[in-house]
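Student: What follows is a structure written as structure tokens; I'll ask about it next.
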Amino acid sequence: MNRYESAKEIYAALGVDTEKAIETLKDVTVSVHCWQGDDVGGFDNLESLSGGIQATGNYPGKARNPEELMADIDKAFSLIPGKKKLNLHASYAIFEEGEKVGRDAIEPKHFAKWVEFAKARNMGLDFNPTFFSHPMVKDNLTLSSPDEEVRTYWVNHGKACVRIAEYFANETGTPCVLNIWIPDGYKDIPADRMGPRARFKKSLDEILSIPYDKSKVYVTLESKVFGIGLESYTVGSAEFCLSYSASKGITPLMDNGHYHPTEVVSDKIPSLLLFNDKIALHITRAVRWDSDHVVIFDDETKEIAKEIVRNDALDRVFIATDYFDASINRISAWITGVRNVQKALLFALLEPNAKMKELQDSNKTTQLMVLQEEMKTAPFGDVWAEYLCRAGVTADYLTEVENYEKEVLEKRV
Ligand code: RNT
Ligand code: ZN
């Protein structure tokens, strides 16, 4: 008997159907962030990364232009199983030679090459306005700025992005998630906490006032607790973003690096699912701060996946990745992180969820603990290997990545 057949029997004895789990995972889409490929650099200007976020490391071979980034995405995607979408930032606009366009004036045509790329690969696109790494970010403020010129500039950027998101949806035939995150905040204790939030609210109202098809563009709003250099106050706090989303019928987005260190997003998922048709996630790994380390197969990633799966919410959660490690091979980082999100989902799909709920509800906590521990050593790896094999991707991606590094990345000097 091969290892998968044996694993299938072991899981069956625990009341779990491995075939069903594999089939379910095949249909789950993960929106993969483009910005792992170039340390959140983008192509629209030469500004360095700002906004309280940081990519650290200087591993050679970073993508320097759209062609290189697209080639790297192709390489990474060829080694990631399952359905994928590509998640772009506005800063990845592709201009003609010598063309200069402000972020307040970008148009669908500046993303035509990305649309062509996505269409040829039969995948959808998600989008993000880029409210950072730009000279019009003044005093670390964008949509909450007291300077009307600055605020209006970024409102116009937001509106331009809504139009581009709708273009993505129309062209690819797949709805586009448009995620709004602003870095706005203060390093030190503010004198006015409400004013910036009132301006942020007004700006969002203005952006969302333009007509767009809500069945094609899902606007999400991402909260945050603090950024580097913006430690004392963040305009787009959790309470602000949840309340704003609820009041406007848009979708809240939780990034698991954006909370206090002992808070976990897994616990927030069921609460939000009770009050929202859809929710969105940025899956990342925070090490001591919102460090955006590569996602690994750790407890919280598993717990997040469990909350999606056991609440039957795979079609209600927009799952996206958001991490950027510049200290290791970037292609490997992409593959490792996205595969780990998928692994966590498969792990959750291989739990006897109904049985566990029953044990909880009948207060059989001893039995529940024993079963939970038992599941940790079930032959998960054999089912994962089978999944990879059926998806036609190799388990050993490192060799492929190392070859690509030698043949392509090392020549980028
Ligand atoms: C920053 C947010 C945001 C960014 C990306 C690049 O803390 O997590 O989502 O990481 O938009
Ligand atoms: Zn994020």
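The values are calculated or read from the model by the stated rules, or taken from the named source; none is laboratory data. Computed from a predicted structure; not experimentally measured. Note that we place each Cβ from the backbone using ideal geometry, even for glycine, and neighbour counts take in every protein chain shown. Each accessible area value is taken on the protein alone, full model and side chains, heavy atoms only, with ligands, DNA and RNA left out. Shrake-Rupley method; radii C 1.70, N 1.55, O 1.52, S 1.80 Å.
Student: Whether any residue in the range 178-190 is part of a helix (DSSP H, G or I) and out of contact with any His (no Cβ under 8 Å at 6 or more places or on another chain) is what I want to check.
Tutor: No, the conditions are met nowhere in the range 178-190.
Student: To continue, here is another question. Being in a helix (DSSP H, G or I), at pLDDT 95 or above and among the polar types (S, T, N, Q) narrows it down to one residue among N156, N122; which is it?
Tutor: N156
Student: Just the residues that are over 19 Å from C161 (Cα atoms) and either near ligand 1 (Cβ under 10 Å from one of its atoms) or not small (G, A, S) (or both), please, taken from the range 245-261.
Tutor: M254, D255, N256, G257, H258, Y259, H260, P261
Student: Also, I was wondering about something else. Every residue in the range 371-394 that is within 24 Å of N2 (Cβ to Cβ) and either of a type in the set (F, W, Y) or loosely packed, with under 12 Cβ neighbours inside 10 Å (or both), please.
Tutor: Listed by number, the residues that qualify are E374, K376, T377, F380, W384, Y387, G392.
Student: Here is a follow-up. Just the residues that are under 27 Å from the mean Cα position of the chain (by Cα) and outside any helix (DSSP H, G or I), please, taken from the range 378-413.
Tutor: Hits for the range 378-413 are G392, V393, T394, A395, D396, V408.
Student: Yes or no: L349 away from ligand 1 (no atom under 16 Å from the Cβ) and surrounded by 22 or more Cβ atoms within 10 Å (Cβ to Cβ)?
Tutor: yes
Student: If only one of G57, G52 is assigned to a loop (DSSP other than H, G, I, E, B), farther than 30 Å from N122 by Cβ and either aromatic (F, W, Y) or in contact with a Gly (Cβ under 6 Å, 6 or more places away or on another chain) (or both), which one is it?
Tutor: G52
Student: Could you run through the range 321-364 and say how many residues are touching a Ser or Thr at 6+ places or on another chain (Cβ under 7 Å) and over 19 Å from Q54 (Cα atoms)?
Tutor: Number of matching residues: 6.
Student: Turning to a different aspect of this structure: Under 7 Å by Cβ, and 6 or more places apart or on different chains, what pairs join a residue from the range 255-271 that is hydrophobic (A, V, I, L, M, F, W, C) with one that is part of a loop (DSSP other than H, G, I, E, B)?
Tutor: V265/N256; V265/Y259
Student: Name the residues in the range 64-109 that are open to solvent by 40 Å² or more (accessible area, probe 1.4 Å) and in a loop (DSSP other than H, G, I, E, B), would you?
Tutor: Correct list: R64, N65, F95, E96, E97, G98, E99, K100, E107.
Student: If you don't mind, there's one more thing I want to ask. Inside the range 272-299, can you point out the residues that are within 16 Å of ligand 1 (Cβ to nearest atom) and either open to solvent by 40 Å² or more (accessible area, probe 1.4 Å) or out of contact with any strand residue (DSSP E or B) (no Cβ under 7 Å at 6 or more places or on another chain) (or both)?
Tutor: Hits for the range 272-299 are R285, A286, V287, R288, W289, D290, S291, D292, H293.
Student: So which pairs qualify, if the first residue must be in the range 325-349 and more than 24 Å from D39 (Cβ to Cβ), the second must be open to solvent by less than 10 Å² (accessible area, probe 1.4 Å) and small (G, A, S), the Cβ gap must be under 7 Å, and the two must be at least 6 apart or on different chains?
Tutor: Short answer, once both residue conditions are applied: A344/A305; L345/A305; L346/A21; F347/A305; A348/A305; L349/A21.
Per-residue answers, yes or no, for (1) among the basic types (K, R); (2) closer than 27 Å to T321 by Cα; (3) in contact (Cβ under 8 Å) with a residue 60 or more places away in the chain:
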position	(1), (2), (3)
N122	no, yes, no
D126	no, yes, yes
S133	no, yes, yes
P146	no, no, no
V162	no, yes, no
E166	no, yes, no
A169	no, yes, no
G195	no, no, no
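Student: Looking at the range 254-286, which of the residues that are aliphatic (A, V, I, L, M) and over 17 Å from the mean Cα position of the chain (by Cα) is farthest from Y218 (Cα to Cα)?
Tutor: L274
Student: Another question, if that's okay. Among the numbered criteria (1) open to solvent by 20 Å² or more (accessible area, probe 1.4 Å); (2) within 16 Å of ligand 2 (Cβ to nearest atom), which one does V338 miss?
Tutor: V338 satisfies all of (1) open to solvent by 20 Å² or more (accessible area, probe 1.4 Å); (2) within 16 Å of ligand 2 (Cβ to nearest atom) except (1).
Student: While we're looking at this one, here's another question. In the range 1-33, how many are open to solvent by 70 Å² or more (accessible area, probe 1.4 Å) and under 26 Å from I279 (Cβ atoms)?
Tutor: Summing the residues that are open to solvent by 70 Å² or more (accessible area, probe 1.4 Å) and under 26 Å from I279 (Cβ atoms) in the range 1-33 gives 4.
Student: Also: Can you tell which of I207, I308, I269 is open to solvent by less than 10 Å² (accessible area, probe 1.4 Å), more than 15 Å from ligand 1 (Cβ to nearest atom) and within 25 Å of T142 (Cβ to Cβ)?
Tutor: After ruling out the rest, the residue left standing is I207.
Student: What tally of residues in the range 74-114 results from selecting those that are in contact with a strand residue (DSSP E or B) (Cβ under 7 Å, 6 or more places away or on another chain) and aliphatic (A, V, I, L, M)?
Tutor: The number of residues fulfilling the criteria is 3.
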